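Have a look at the structure below before the remarks.
Please treat every number below as a calculation from the coordinates, not as lab data. None of the values given here were measured: they were computed from a predicted structure. Cβ sites come from the backbone with ideal geometry, for glycine too, and all protein chains shown count toward neighbours.
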Amino acid sequence: MQKKIVAMDIGFSAVKALAAGGQKALFPSIVGTPLMEKSFSLNQNGKVISIDDRPAVPVGETALSQAKYKAAPRNSDWVLGQVWETLFMTAVSEFVDAPTTHLSVVTSLPVRNWAVYEAPLRNLYKNREITFQRKGRMQRVIIDDFMVITQPFGALLMRALNTSGQIQDNVFATGNVGIVDIGGMTINMLVSNHLATNEQWTTSDELGLLRALDTVRDAIRDDYPRIRPETQEVSQWVAEGSFNYIGKPIDMTPYVERYVYPVMSAIETKIDESWPEVGRLDAVLFAGGGSITLRPLIKPRLGNLFSQIHLGGRWDNARGSLNLANMEFG
């Protein structure tokens, strides 16, 4: 019997997952239509999974390349549905190889969704047994522990805790700090003082990057008519800086500057509205995948507001969640 501690960040753009021991999984948040074939022999190297005797479905990059119809929901209640479960179990399947595995899991939700869906999501998965088939193997996981935190708190814990879950002696653990987590559909803002959340300054709004990336997707389809990328794939291209078209690399910078950078103005307005006394903050951390895309603008545009600006990345939330998981379950 195998035991695993796992952290999950299942967003609208991508799934980021980490397991204690250093294993990592990253793939687009896409689930394809069920496959007709009975055998898994043609999909040994892809992400194809069958859960609880349901038909096998392609996931992530495999769904992008193989599925005509793809599910990528954007409604907050998707966390209680089958697509979220499929993404979750696909990430789990990257880490387990024993016939039976016991799991301790920490995952996260946007601030605005946490109060509504934290308890239902935890109740849905804690103490649950799930069987799945991946790469021709039937396996079983038993979820002993399931914790749900907010996304910006996960980003905070990436720096406030070490990998063993011990509290660090730094501004994130002992100071009055703000976190701006820029995701696909939301911007999540949290203020923490000695790891205690200031509820008055903790908020979330629909200012994520996916709608801007939809516009980039449409522009690329117009400019390069021999491909029709999905938004999740365009998100990958933005992170990588380019994409290939007829064997040639195409720079993503013009698309990002024209369609994505304007989102920064809305984020500035949200910060002004939500944090009226930024002079009380010792530091601020910009985290999430959007912080990477907007990195060239953050310090030049906001440097006069904050004494310290720290720039994180798309893995901050997952790493912080794993630090917490190691503290709670390690």
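So how do ILE149, ILE179 line up by other beta-carbon neighbours within 10 Å, fewest first? Please list the in-between numbers first.
Working: ILE149 20, ILE179 32.
Least to most surrounded, the residues fall as ILE149, ILE179.
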Point to revise | Extension gain (nm, one decimal) between LYS248 and ALA196, 0.36 nm per residue minus Cα-Cα | key: 13.7 nm
**Study point:** Per-residue ³J(HN,Hα) for region 48-64, Karplus 6.51 cos²θ - 1.76 cosθ + 1.60, θ = phi - 60°, Hz, x for Gly and Pro
**Key:** 10, 9, 10, 10, 6, 6, 6, x, 5, 10, x, 9, x, 4, 5, 5, 4
Practice item. Rounding to the nearest 20 debye, state how big the charge dipole of region 55-207 is about its Cα centre with +1 on each Lys and Arg Cβ and -1 on each Asp and Glu Cβ. Key: 520 debye
Check your understanding: When Rg is the radius of gyration of the Cα atoms in region 166-234 and Rh is its Kirkwood radius, what does Rg/Rh come to?
Key -> 1.26
Point to revise | Backbone HN-Hα couplings from phi across region 182-187 [Karplus 6.51/-1.76/1.60, Hz, Gly and Pro as x] | key: 9, x, x, 10, 9, 10
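From the alpha carbon gyration tensor of region 181-220, can you work out the equivalent ellipsoid semi-axes (sqrt of 5 times each eigenvalue) and give them in Å, largest to smallest? Don't skip to the end; give the middle numbers.
Numbers: eigenvalues 186, 13, 3 Å².
Equivalent-ellipsoid dimensions as semi-axes: 31, 8, 4 Å.
What fraction, in whole percent, of alpha-carbon pairs in region 112-239 exceed 23 Å separation?
Summing the P(r) tail past 23 Å for region 112-239 gives 57 percent.
Could you please rank ASP97, ASP169, placing first whichever residue has the fewest other Cβ atoms within 10 Å of its Cβ? Before the final figure, lay out the partial values.
Numbers: ASP97 12, ASP169 6.
Arranged by neighbour count, lowest to highest, ASP97, ASP169 become ASP169, ASP97.
Among DSSP beta bridges whose residues both lie in the chain, state the antiparallel percentage, nearest 5. List each step's numbers first, then the result.
Details: 43 of 67 bridges.
The antiparallel proportion sits near 65 percent.
So if I average 1/r over every pair of distinct C-alpha atoms in region 258-318 and take the inverse, what Kirkwood radius in Å does that give? Mind showing how you got there, number by number?
On the way: mean 1/r = 0.0821 Å⁻¹.
This gives a value of 12.2 Å.
Given a cut-off of 13 Å, what percent of all Cα-Cα pairs of region 99-147 lie beyond it? Intermediate values should be presented prior to the final figure.
Values: 718 of 1176 pairs.
Looking at region 99-147, the distances longer than 13 Å represent 61 percent of pairs.
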**Study point:** For the chain, the longest site-free run once trypsin sites (Lys or Arg not before Pro) in DSSP loop states with at most 11 other Cβ atoms within 10 Å are removed
**Key:** 69-225
**Study point:** Relative contact order computed over region 158-263 (Cα-Cα under 8 Å; 6+ residues apart), in percent
**Key:** 17 percent
Review point. What whole number of Å gives the distance from the Cα centroid of region 142-193 to the Cα centroid of region 214-236?
Key: 33 Å
Check your understanding: What GluC sites (Glu not before Pro) in region 255-311 are in a loop by DSSP, with at most 10 other Cβ atoms within 10 Å of the Cβ?
Key -> GLU277
Exercise for review: Quick one: which residues, 5+ away or cross-chain, put their amide H under 5 Å from the amide H of LEU109? H built at 1.01 Å from N.
Suggested key: ILE149, THR150, GLN151
Practice item. Note the direction-averaged projected area, equal to a quarter of the hull surface, for the Cα convex hull of the chain, in nm². Key: 16.6 nm²
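How many percent of Cα pairs in region 168-322 exceed 24 Å? Display every interim value, and only then the final one.
Working: 4394 of 11935 pairs.
The proportion of pairs with Cα distances above 24 Å equals 37 percent.
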**Study point:** Positive-end extreme of charge dipole, region 210-330 - chosen from ASN244, LEU311, THR231 (charges on Cβ)
**Key:** ASN244
